[in-house]
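Here is the structure we will look at, set down as structure tokens.
The values are calculated or read from the model by the stated rules, or taken from the named source; none is laboratory data. Small disclaimer: the values here were computed from a predicted structure and weren't measured. Here the Cβ positions follow ideal geometry from the backbone for every residue, glycine too, while neighbour counts run over all protein chains shown.
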Amino acid sequence: MEGGYRVSGRWAFGSAIHHADWVSTGAMVAENGAPKRGPDGVPEVISICVPIADVIIEDNWFSNGLRGTGSSHYRIEDKFVPDAFLLNRATTSRGGALFRIPTYGYVAACHAGFAMGVAKRALAEITAMAEKKKRKLSGVALADRGAFHKELGLNASKLAGARLFALDTLNRVWEATVNGERLPLVAWGECRAAMTYVTEVAAEVTTFAYRYGSGAALYQGHPLQRCLRDIYTASQHGVVSDENYENLGLAMIGKGRWDSLIGGPPPQEG
């Protein structure tokens, strides 16, 4: 409609919405009761920003993990959003390279960083428990068991390798952004795959720590139990799906799919 859009809808995963004054979300544009499509046949989606007073928050975030994020569902019911409150991907005019990083760049940093942090905490917890934790019958401490030594070293190595993979891809994104360069689709495929890979490795590492924590780790107040719940909840997020591996594989054989979240027009391969 003239001057803006009339918006209605229901969204999930409104993290931190209980503390927000404004809500930013995406909405599909409808025309004559059907999705409006662009020249490429893809439905047109806009990003909007609305005051919290226009939003209905549902009290339904009763999750297995990440309970502190308050990621409730929320609704907007027939509210007018002026054109001035649409968020586009215009070129930034200030703020430096940090504000020019394409969406996948900072999303990868956030998700990979969180996953590595959880796994690192889990390793720290089980390492600290190793001297004190003993088997009931034999009295052998966890720190004296060869199987634990091997698994601890192996999982620490896995996490270190995943960390280097993530840092390598993110450093390339940062350097390209600073220099005003465009990354090829393979590089973006690696960036997205790194998010998934780091999360998977972090889940494996955390599971190792939780298992060796045995009965003590069962209780909700124990850090290992919280780490396990949080990392497996995070692994359900859409941005760390297996599709990231598919996108990398497609890019490697020259069939990569460009995504607007990479920023700008489709890059040239080569």
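Computed values, structure above
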read-out	value
Top-ranked residue of the stretch 52-85 - restricted to ones that are of a type in the set (G, A, S) and in contact with a Gly (Cβ under 7 Å, 6 or more places away or on another chain), ranked as nearest to L218 (Cα to Cα)	S71
Long-range neighbours under 9 Å by Cβ, at least six apart or interchain, first residue farther than 13 Å from A162 by Cβ and among the polar types (S, T, N, Q) within the stretch 111-130, second part of a helix (DSSP H, G or I) and at pLDDT below 95	T127/A143
Residue match in the stretch 115-134 (condition: within 21 Å of P223 (Cβ to Cβ), modelled with pLDDT under 95, touching a helix residue (DSSP H, G or I) at 6+ places or on another chain (Cβ under 9 Å) and exposed (fewer than 12 other Cβ atoms within 10 Å of the Cβ))	yes
The stretch 1-45: number of residues that are touching a residue at least 40 places away in the same chain (Cβ under 8 Å), in a strand (DSSP E or B) and farther than 26 Å from W61 by Cα	3
Selected residue (criterion: farthest from the chain's Cα centre (by Cα)) from residues of the stretch 118-135 that are part of a helix (DSSP H, G or I) and not aliphatic (A, V, I, L, M)	T127
Number of the exception - R100 against (1) out of contact with any Cys (no Cβ under 7 Å at 6 or more places or on another chain); (2) closer than 22 Å to G249 by Cα	(2)
In the stretch 136-180, residue farthest from the chain's Cα centre (by Cα) [restricted to those that are of a type in the set (A, V, I, L, M, F, W, C), loosely packed, with under 14 Cβ neighbours inside 10 Å and in a helix (DSSP H, G or I)]	A147
Some residue of the stretch 79-99 being in contact (Cβ under 8 Å) with a residue 12 or more places away in the chain and either on the phi > 0 side of the Ramachandran plot or assigned to a loop (DSSP other than H, G, I, E, B) (or both)	yes
Qualifying residue in the stretch 219-236 (condition: crowded, with 17+ Cβ neighbours inside 10 Å, in a helix (DSSP H, G or I) and modelled with pLDDT under 95)	no
